[in-house]
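These notes are about the structure you will find just below.
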Amino acid sequence: MKVFLLPVCLLLFFYSNAQHMQGAGTMERQPLRQQMGNRVIYHLYVTDTVVNYTGKKAKAIAINGSIPAPQLDFTEGDTAEIYVHNQMHMETSIHWHGIILPNEQDGVPYLTTAPVKGNSTHFYKFPIVQNGTYWYHSHTMLQEQSGMYGPLIIHKKQPQQTKELTLLLSDWTNENPHQVERSLHYATDWYAIKKKATQNYAQAIKEKHFGTKLTNEWKRMLAMDVSDVYYDMFTINGKPQQEEPQFKAGDKIRLRVINGSSSTYFWLNYGGGKISVVASDGQDVVPAAVDRLMVGVSETYDVEITIPADGSYGFTATAEDRTKYATIWLGSGQKHAAPALPRLKYFEGMKMMNGMMNMDGTMNDMGMNMSLQKMDMNQVMYPEIADSNQAVKTLNYGMLKAAEKTTLPQGPVRELKFELTGNMNRYVWTIDNKTVSETDKILIKQGENIRIVLTNNSMMRHPMHLHGHFFRVLNGKGEYSPLKTVLDIMPMETDTIEFHASEKYGDWYFHCHILYHMMSGMGRIFRYENTPPNPQVPDMRYATRKVYADDRRFYAGAQIGLESNGSDGEVMLSNTRYMLQTEWRLGLNDNKGYESETHIGRFIGRNQWLMPYIGFDWRYRKQHEAEKNIFGQVNTKDQRAAICFGFQYTLPMLLRADTRIDTDGRLRIQIGREDIPVTARLRLNVLWNTDKEYMTGLRYIVSKYVSLSSHYDSDMGWGGGMTISY
């Protein structure tokens, strides 16, 4: 018997090991696609890799060795069976964007679906109950920005006669996305420098907008930008330029356009004439002919274009900030480019925003009652409109009419009102001034009709995406209101959407699809009442902490001066509400002195202009006579340590006021600013306090992290050298 059991045990051992190795992705790769009846089986292998798109190596994530990932094709009525083989050491996930499916297959790690652990395989299975243009992407941290996304096309049961082509748009940065995210939370203007969009004082004077710039900073606003991140490249199907010479004169082509970018809106225009919009977010609409349209982050549009004559016609996706574009050439022969979009008039946009911003940081639509993208406040920035008498027909939501009736089933109606809020200075994005982790899940009942009134009280567009449901956009088309899964809501707009609570159970995410906005907390979670335990997420308490951890993360920042008169600087660790900061001034000897202050505080209010704090102050300087502050208090800098209590407050002109009292009874008021934009790269720093200390200096920004600097300090004297910013 023992002799017999030995080979059986060995067989079981090797089988078990083989199964483990299969989960680790070391198995022989299966074909990408297999079909057995109506079962469509895909094998997706996720790997980290290094790419060199723009002459610089960068880390990326590929699926089956491709960025973007392979297109997944289904037909309505199929059953999708998808194996995700994670060959990385870190977790990953895949969300099936816009797909109606069981909650546990939705792909949001720790919320609906188990994360795909490193070196393991996860199996997704769901019925295909719709048709249209969709996509899939990682919902884990910032992996989407690193290349983990792909198109998902569901064909109608009846074959379409029109030729078609999928266009997956995206943005690419050579920078580590985690560094991008960290930098946004410290309001770096390096991206504006790269885009030539700093809106500095020299430029304001040159363009006769000095008063506009002063008003902007008086109202405590940073320079205006329509996009937060500088991207090295924009792509269509992974390339900035692509040729499709197979199309001939007279061909009608259905372009399935997917905005798979992390944070970029794209203008779409065509060198061969009108664009006919025939579907939005996978749902057919009555064709609408336009000259151009903007596709929001994560939106999809099906459009039809015609090759008018022999030649190659450009279909171009231009980033909203107009820094770069990507083009696909349809046809062969002489090239006919789409109309170029000129540089934005930033100061014109700033002037309009000045009129819409109140001194308390709230927004004022000036009685225009904007909605449905019908009135684009940014039009003042568009030279092609402002400087031309030509009528350019641009798509807006008011033009979309569903091809079939979309009236919701009968049921009780519950109305929710959400205000989209944010803080550009600290890059905190919220709903009703609260992040996901600061709110409870919103309970809904199956059979209810949920109406959501959204007001965008921020200066950024927000593409709001609802998982697992289509919603109606109430745009005046009555029974034919269009169905969508993403609503791009512009600054100062109020829009209304409604959806039928058609599912039986589960948690469904509703969030801004700009990746860096979502990660900072701009979202809510709808939960169906009486939702049973999710076997994919067995430890709900732990899973909830993991979901909430996204917007609770801390980010490090620093500015370190290394100059001939010593060193001064600041290091910070902050998240949505809290900040720990340490400042120092270190002289070259005892006479110049050494001092350090450490504070921990919490930001208060929707604008986060106020931060009460408690701190510790340490100072030393060899001095021969006592000094007095302007209040007549002796201000010794000999060996001294004291606990202090105070608050920092952002004043008009973005000055930071710091008022504190220490345990020795000394009061100090300090006012300063470190980043006054004189020119595109030159920054002025100033500081004064009631201890009769003062400082002024200049920094010339050489790179994102290094500046040449010089300053005068009342204690340390003149110095020059460099400043490291992180």
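Looking across the range 99-121, just one residue is of a type in the set (S, T, N, Q), part of a loop (DSSP other than H, G, I, E, B) and surrounded by fewer than 22 Cβ atoms within 10 Å (Cβ to Cβ), and that is Asn119. With respect to the conditions (1) surrounded by 21 or more Cβ atoms within 10 Å (Cβ to Cβ); (2) farther than 25 Å from Arg553 by Cα, Gly211 lacks only one, and its number is (1).
For the range 375-399, the candidate set comprises residues that are within 24 Å of the chain's Cα centre (by Cα) and not hydroxyl-bearing (Ser, Thr, Tyr); within that set, the residue that is modelled with the lowest pLDDT is Met377.
Residue selection: Val436 fails the criterion of being within 25 Å of Lys374 (Cα to Cα), of a type in the set (Val, Ile, Thr) and not assigned by TED's automatic domain parsing to the domain that holds Leu101.
Residues in the range 253-292 that are within 26 Å of Ser138 (Cβ to Cβ) and either free of Cβ contacts under 8 Å to residues at least 60 places away in the same chain or not in a strand (DSSP E or B) (or both): Gly260, Ser261, Ser262, Ser263, Thr264, Tyr265, Leu268, Asp281, Gly282. Of all the residues in the range 401-430, those that are over 22 Å from Asn475 (Cβ atoms) and touching a residue at least 60 places away in the same chain (Cβ under 8 Å) number 10.
Considered as a group, the residues in the range 324-348 that are at pLDDT 95 or above and under 24 Å from the mean Cα position of the chain (by Cα) include one that is surrounded by the fewest Cβ atoms within 10 Å (Cβ to Cβ), and that residue is Lys324. Per the conditions (1) buried (at least 18 other Cβ atoms within 10 Å of the Cβ); (2) over 32 Å from the mean Cα position of the chain (by Cα); (3) within 30 Å of Lys195 (Cβ to Cβ), the sole criterion not satisfied by Arg666 is (3). Considering the range 685-699, the residues that are within 37 Å of the chain's Cα centre (by Cα) and surrounded by 16 or more Cβ atoms within 10 Å (Cβ to Cβ) include one that is farthest from Tyr186 (Cα to Cα), namely Met695.
Among the residues of the range 696-709, those that are without any contact (Cβ under 8 Å) to a residue 60 or more places away in the chain and in a strand (DSSP E or B) comprise Thr696, Gly697, Leu698, Arg699, Tyr700, Val706, Ser707, Leu708.
In the range 446-455, the condition of being buried (at least 20 other Cβ atoms within 10 Å of the Cβ), not hydroxyl-bearing (Ser, Thr, Tyr) and not in a strand (DSSP E or B) is met by no residue.
Go over the candidates Ile661, Ile676 one by one and state the one that is hydrophobic (A, V, I, L, M, F, W, C), surrounded by fewer than 17 Cβ atoms within 10 Å (Cβ to Cβ) and assigned to a strand (DSSP E or B). Going through Ile661, Ile676 in turn, just one is hydrophobic (A, V, I, L, M, F, W, C), surrounded by fewer than 17 Cβ atoms within 10 Å (Cβ to Cβ) and assigned to a strand (DSSP E or B): Ile661.
When restricted to residues that are aliphatic (A, V, I, L, M) and within 28 Å of the chain's Cα centre (by Cα), the range 240-274 contains 4.
Among the residues of the range 283-299, some residue qualifies, meaning at least one is of a type in the set (D, E, K, R), surrounded by fewer than 18 Cβ atoms within 10 Å (Cβ to Cβ), within 27 Å of Ala69 (Cβ to Cβ) and at pLDDT 95 or above. Among the residues of the range 543-587, those identified as free of Cβ contacts under 8 Å to residues at least 24 places away in the same chain and over 20 Å from Arg426 (Cα atoms) are Arg545, Ser567, Trp584, Leu586. Selection within the range 541-596: residues that are more than 17 Å from Gly521 (Cβ to Cβ) and acidic (Asp, Glu). The member of this set that is modelled with the lowest pLDDT is Asp590. Across the range 156-182, the qualifying residues are those that are outside any loop (DSSP other than H, G, I, E, B) and among the hydroxyl-bearing types (Ser, Thr, Tyr), and the one among them that is surrounded by the most Cβ atoms within 10 Å (Cβ to Cβ) is Ser170. Candidates are the residues of the range 412-435 that are at negative phi, in a loop (DSSP other than H, G, I, E, B) and not polar (S, T, N, Q); the one that is modelled with the highest pLDDT is Pro412. Across the range 649-658, the number of residues qualifying as in a strand (DSSP E or B), crowded, with 18+ Cβ neighbours inside 10 Å and not hydroxyl-bearing (Ser, Thr, Tyr) comes to 1.
Looking for something free of Cβ contacts under 8 Å to residues at least 40 places away in the same chain and within 28 Å of Arg656 (Cα to Cα) - is there at least one such residue anywhere in the range 377-390? Scanning the range 377-390 turns up no residue that is free of Cβ contacts under 8 Å to residues at least 40 places away in the same chain and within 28 Å of Arg656 (Cα to Cα). Please state which one of Pro308, Pro342 is of a type outside the set (A, V, I, L, M, F, W, C), in contact (Cβ under 8 Å) with a residue 40 or more places away in the chain, part of a loop (DSSP other than H, G, I, E, B) and farther than 24 Å from Asn259 by Cβ. The conditions single out Pro308.
The values are calculated or read from the model by the stated rules, or taken from the named source; none is laboratory data. Values in this document were obtained by computation on a predicted structure and should not be read as measured data. Please note: Cβ atoms are built from the backbone with ideal geometry, for glycine as well, and neighbour counts cover all protein chains shown.
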